[in-house]
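Single-structure report; data block below.
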Amino acid sequence: MPDLPLLSVSTVVNIHPEPLTSPSFAPFGSAIISPLPPSQSNIPTSGPLPPLLYPTHQPDPVIANQSTALKYSPISPMTNNYALSSSPQPQMSMFSCFPRRLGPGNRFAVKILERHPFTTQTFCPLGLASGSIGTYFLIIVAPSLDHPLQATEGGLIVERPPDLSKLRAFAGHGGQAVTYGPGTWHAPMVVLGEKRVDFVVTQFVNRVPQDDCQEVRVGDGVNVLVGEKMRRENGRAKL
């Protein structure tokens, strides 16, 4: 990856994954999680509708589909901040993500961060049941610094680069999806465990590479410490 700017790391950054919840992920976008408990299998026919799991982050439901469904809309934003003159278009893709290997001590080394300056980007996993064990995915994100940073190779300047001191990681499971807010720095999707996960990905694009996706390399020393217990139990143990 010689054409990407390299961000040097002056001190080692080790972080632990957090559970993916709507409140915890809100600074970076939105976590898409069912507002209902798993035990809710019948639509209420009288009385109040079931309370929201995260009331300040999820919309109130309305009864739909001939009274056989609860509709929550909008459950996550779709933001298009491109200039209209650049002819942005909605795009739906599939990323088939295969399990990554961990380094010594069950560490995942962060080597790439990217951002989409003008669009949200939503990852929805397919075929990963909410109660499944053995496979999960890491969502690794960072906010932007408020000033440019000189990269260590090629004299490249990165406008508002990732703030590695505020890097965070979240453990996502079946039954959860995630939307990155415009400009949120994030690692490419990281699947850990036993099997491939296919993600349906929605965003806007205008086919100008620097508008659609900006990337930086990260120097050695930035790690997500998955931990043996989390690796075995698919993140359901206390982190």
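The values are calculated or read from the model by the stated rules, or taken from the named source; none is laboratory data. Note that the coordinates shown come from a computational prediction; the quantities given were computed from them, not determined experimentally. Cβ coordinates were reconstructed from backbone atoms using ideal geometry, including for glycine residues, and neighbour counts include every protein chain displayed. Remember, those area values only see protein heavy atoms, side chains included, never the ligands or the DNA or RNA. Shrake-Rupley method; radii C 1.70, N 1.55, O 1.52, S 1.80 Å.
Quickly run through the stretch 114-149 and pick out the residues that are without any contact (Cβ under 8 Å) to a residue 60 or more places away in the chain and not aliphatic (A, V, I, L, M). Steps first, answer last, please.
Quick first cut of the stretch 114-149, residues without any contact (Cβ under 8 Å) to a residue 60 or more places away in the chain only: 129, 142, 144-148.
Ser144, Asp146, His147, Pro148 - these are the residues of the stretch 114-149 that are without any contact (Cβ under 8 Å) to a residue 60 or more places away in the chain and not aliphatic (A, V, I, L, M).
Answer with yes or no whether Thr21 is in contact (Cβ under 8 Å) with a residue 12 or more places away in the chain, within 23 Å of Gln121 (Cα to Cα), in contact with a Ser or Thr (Cβ under 7 Å, 6 or more places away or on another chain) and open to solvent by less than 80 Å² (accessible area, probe 1.4 Å). No: the conditions fail for Thr21.
Pick from the stretch 110-148 the residues that are small (Gly, Ala, Ser) and in contact with a strand residue (DSSP E or B) (Cβ under 7 Å, 6 or more places away or on another chain): which of them is least open to solvent (accessible area, probe 1.4 Å)? Spell out how you get there, then give the answer.
The first filter runs over the stretch 110-148 and keeps only residues small (Gly, Ala, Ser), leaving 127, 129-132, 134, 142, 144.
If we keep only those that are in contact with a strand residue (DSSP E or B) (Cβ under 7 Å, 6 or more places away or on another chain) too, we end up with 127, 134, 142, 144.
Working: Gly127: 69, Gly134: 17, Ala142: 1, Ser144: 26 Å².
So the residue we want is Ala142.
With Leu20, Leu4 as the choices, which residue is closer than 30 Å to Pro161 by Cβ and touching a Lys or Arg at 6+ places or on another chain (Cβ under 6 Å)?
Numbers: Leu20 fails: touching a Lys or Arg at 6+ places or on another chain (Cβ under 6 Å).
On inspection, the qualifying residue turns out to be Leu4.
Looking at Ser10, Ser24, just one residue is touching an Asp or Glu at 6+ places or on another chain (Cβ under 9 Å) and closer than 26 Å to Val190 by Cα, and that residue is Ser24.
So, Ile157, is that one closer than 30 Å to Ser87 by Cβ, in contact with a strand residue (DSSP E or B) (Cβ under 9 Å, 6 or more places away or on another chain) and not hydroxyl-bearing (Ser, Thr, Tyr) or not? Even if it seems obvious, please write down each step before you answer.
Numbers: closer than 30 Å to Ser87 by Cβ: yes; in contact with a strand residue (DSSP E or B) (Cβ under 9 Å, 6 or more places away or on another chain): yes; not hydroxyl-bearing (Ser, Thr, Tyr): yes.
Here the answer is yes, as Ile157 does meet what is asked.
Checked against (1) touching a strand residue (DSSP E or B) at 6+ places or on another chain (Cβ under 7 Å); (2) touching a residue at least 24 places away in the same chain (Cβ under 8 Å); (3) of a type in the set (Gly, Ala, Ser), Ala64 passes all but condition (2).
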